[in-house]
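First the structure, in the form of structure tokens, and then the observations on it.
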Amino acid sequence: MTAACPTATFSNIAGTVRGTLGFTGSAGAGAINRNVTWTLGGTIDFPQLCRQNLGSCALIEQALAAAFLTATCSNSAGGGCSCALNNNDTDTGAGSYTTDGGLLSNGTRTFEYCVQSNTLRYRELGNMAPERGVVGTVQR
């Protein structure tokens, strides 16, 4: 949707990640085991021009519902459309990873990361990242 409407704005973005991440290996490569549940919510506002190009708020809501657990859109001031979004998912499994500088890759997704003391901070890179711009924090 943001590709079709680059002037859409996000606000009130909040989420949580709970569970475990286990890393083994050294020298830039290893294995990761995931058992996490995450939630993410917020608002996306489409200005009038985008609403005209994308159709009604109901059509925008249908398109967003394909990617989010819930999407509720309504008319907003100035002829735009405001949509409240919520999503959650569980990620379990195992795989391999490599690191290079401050980047971690599992072969299909790439993250910037930083480890300080007992805290890992990460942010997924790329325009197709489902949580684009969201910084995750994991503590040991």
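General remarks:
- Members of the stretch 59-94 that are assigned to a strand (DSSP E or B) and on the phi > 0 side of the Ramachandran plot: Gly93
- Reported count of residues in the stretch 95-119, each being assigned to a strand (DSSP E or B) and closer than 12 Å to Ala31 by Cα, is 7.
- Any hit, the stretch 86-106, residues being touching a Phe, Trp or Tyr at 6+ places or on another chain (Cβ under 9 Å), surrounded by 17 or more Cβ atoms within 10 Å (Cβ to Cβ) and under 17 Å from Ala14 (Cα atoms): yes
- Residue tally, condition out of contact with any Leu (no Cβ under 9 Å at 6 or more places or on another chain) and not acidic (Asp, Glu), over the stretch 82-100: 9
- Where Ala84 falls short, out of the listed (1) touching a helix residue (DSSP H, G or I) at 6+ places or on another chain (Cβ under 6 Å); (2) in contact (Cβ under 8 Å) with a residue 24 or more places away in the chain; (3) hydrophobic (A, V, I, L, M, F, W, C): (1)
- Just one residue in the set Ser11, Ser74 is surrounded by fewer than 13 Cβ atoms within 10 Å (Cβ to Cβ), of a type outside the set (Asp, Glu) and farther than 20 Å from Gly136 by Cβ; that residue is Ser74.
- Pairs meeting the criteria (first residue in the stretch 24-38 and closer than 23 Å to Thr90 by Cβ, second residue among the acidic types (Asp, Glu) and part of a strand (DSSP E or B), beta carbons under 7 Å, at least 6 apart or on different chains) are Arg34/Asp91; Val36/Asp91; Trp38/Asp89.
- Lone unmet requirement of (1) within 20 Å of the chain's Cα centre (by Cα); (2) hydrophobic (A, V, I, L, M, F, W, C); (3) exposed (fewer than 15 other Cβ atoms within 10 Å of the Cβ) for Leu120: (3)
- Qualifying residue in the stretch 59-69 (condition: surrounded by fewer than 16 Cβ atoms within 10 Å (Cβ to Cβ) and more than 24 Å from Thr90 (Cα to Cα)): yes
- Residue in the stretch 39-46 that is touching a residue at least 60 places away in the same chain (Cβ under 8 Å) and part of a strand (DSSP E or B) present: yes
- Residues in the stretch 3-23 that are part of a loop (DSSP other than H, G, I, E, B) and either over 22 Å from Ala66 (Cα atoms) or touching a residue at least 24 places away in the same chain (Cβ under 8 Å) (or both): Ala3, Ala4, Cys5, Thr7, Ala8.
The numbers here are math on the coordinates, done by the rules we state, and not lab data. Remember, it's a predicted structure, so these values are computed and weren't measured experimentally. Note that each Cβ is placed from the backbone with ideal geometry, even for glycine, and that neighbours are counted across all protein chains shown.
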